[in-house]
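Data first, discussion second: the structure below is written as structure tokens.
The values are calculated or read from the model by the stated rules, or taken from the named source; none is laboratory data. No experiment lies behind these values; they were computed from the predicted model shown. In this analysis, Cβ positions are derived from the backbone assuming ideal geometry, glycine residues included, and neighbour counts consider all displayed protein chains. These accessible areas exclude ligands, DNA and RNA; they are computed on the full protein's heavy atoms, side chains included. Shrake-Rupley method; radii C 1.70, N 1.55, O 1.52, S 1.80 Å.
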Amino acid sequence: MINFQPLRITSGWTIEWNTFMKTDPHPDDMADFSGSSLLHAYNRNMKRAINLEWRPEEDYDGEFILRVINLEEHYNSKTQDFDLVGDWENPHYEFCSKDRLKVVSEIEELMLQLPPYEDPRILKSRGVVDDEAEHIRIKLLETKISDEVRSEILNSDHKKLQDLLLDHTDVKREDLLFLSEHGTVKGIRNKASQKLNSKPFRN
């Protein structure tokens, strides 16, 4: 009889793969700790996945590695559907332990309390990235903004890019002055005006 680990699965979660056994690490039972993944579950609505591994495989001195992976929607023109692609390079959360029951508790807690993933990418439409705007957004993640990028954003009609500039730590007073008059929408103009009246930007 296969002795799978019992789990309380919260509504909305799908178990895609499961070889997580009700077995505590022991030198004689390490065959239960093999494979690239012991458990993989995902929630399409929340755009999150939970993945459990034991690393190194079948090594008694290893440990459980539990990760929460953000899932991005990518439109598939062949199927005319939306594929969920995991951002494995940047896990949302990671938990490591040799204790099986602690891992069980952590999985159940995550399934119950994880908030939905908010995709920061700039999209043309659902699942379709606006490559030009997204390239600029990634540049904005840098500590300092180049004059070239600053000019592109100020002279664009892109609401989200202008909003990101307003929230950036490197935003300048002249940026606020420009956007307070020429922002793409009223909300951007109002936000720029409010920041101009804040202490760091007063004359």
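In table form, for the structure just shown:
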{"item": "Count of residues meeting criterion [of a type outside the set (Gly, Ala, Ser) and either closer than 13 Å to Asp163 by Cβ or in contact (Cβ under 8 Å) with a residue 40 or more places away in the chain (or both)] in region 173-193", "result": "10"}
{"item": "Whichever residue in region 113-141 is within 16 Å of the chain's Cα centre (by Cα) and of a type in the set (A, V, I, L, M, F, W, C) and, among such residues, is most open to solvent (accessible area, probe 1.4 Å)", "result": "Leu141"}
{"item": "Every pair of residues 6+ apart whose Cβ atoms lie under 6 Å, when the first sits in region 105-125 and is under 30 Å from Phe20 (Cβ atoms) while the second is open to solvent by 60 Å² or more (accessible area, probe 1.4 Å)", "result": "Glu108/Arg8"}
{"item": "Residue within region 57-67 that is surrounded by 13 or more Cβ atoms within 10 Å (Cβ to Cβ), in contact with a strand residue (DSSP E or B) (Cβ under 7 Å, 6 or more places away or on another chain) and within 30 Å of Ser125 (Cβ to Cβ) present", "result": "yes"}
{"item": "Test: Leu7 is modelled with pLDDT of 95 or more and in a strand (DSSP E or B)", "result": "no"}
{"item": "Ser180 being surrounded by 16 or more Cβ atoms within 10 Å (Cβ to Cβ) and among the hydroxyl-bearing types (Ser, Thr, Tyr)", "result": "yes"}
{"item": "Any hit, region 78-85, residues being touching a residue at least 24 places away in the same chain (Cβ under 8 Å), open to solvent by 80 Å² or more (accessible area, probe 1.4 Å) and more than 21 Å from Gly12 (Cβ to Cβ)", "result": "no"}
{"item": "Residue ID - modelled with the lowest pLDDT, chosen from residues in region 85-110 that are outside any strand (DSSP E or B) and polar (S, T, N, Q)", "result": "Asn90"}
{"item": "Residue match in region 142-155 (condition: among the hydrophobic types (A, V, I, L, M, F, W, C), open to solvent by less than 50 Å² (accessible area, probe 1.4 Å) and under 30 Å from Asp81 (Cβ atoms))", "result": "no"}
{"item": "Qualifying residue in region 42-60 (condition: in contact with a Phe, Trp or Tyr (Cβ under 7 Å, 6 or more places away or on another chain), among the charged types (D, E, K, R), within 25 Å of Asp130 (Cα to Cα) and not in a strand (DSSP E or B))", "result": "yes"}
{"item": "Selected residue (only one of Thr14, Thr19 is loosely packed, with under 14 Cβ neighbours inside 10 Å and either more than 25 Å from the chain's Cα centre (by Cα) or touching a residue at least 12 places away in the same chain (Cβ under 8 Å) (or both))", "result": "Thr14"}
{"item": "Segments classed as helices (runs of 4 or more DSSP H), wholly inside region 142-191, with at least 2 members that are of a type outside the set (S, T, N, Q) and closer than 18 Å to Arg121 by Cβ", "result": "147-154, 159-167"}
{"item": "Single residue of region 192-203 satisfying the filter (assigned to a helix (DSSP H, G or I) and charged (D, E, K, R)) that is farthest from Ala133 (Cα to Cα)", "result": "Lys199"}
{"item": "Selection from region 161-177 of residues that are closer than 24 Å to Asp119 by Cα and either small (Gly, Ala, Ser) or buried (at least 16 other Cβ atoms within 10 Å of the Cβ) (or both)", "result": "Leu161, Gln162, Asp163, Leu164, Leu165, Leu166, His168, Val171"}
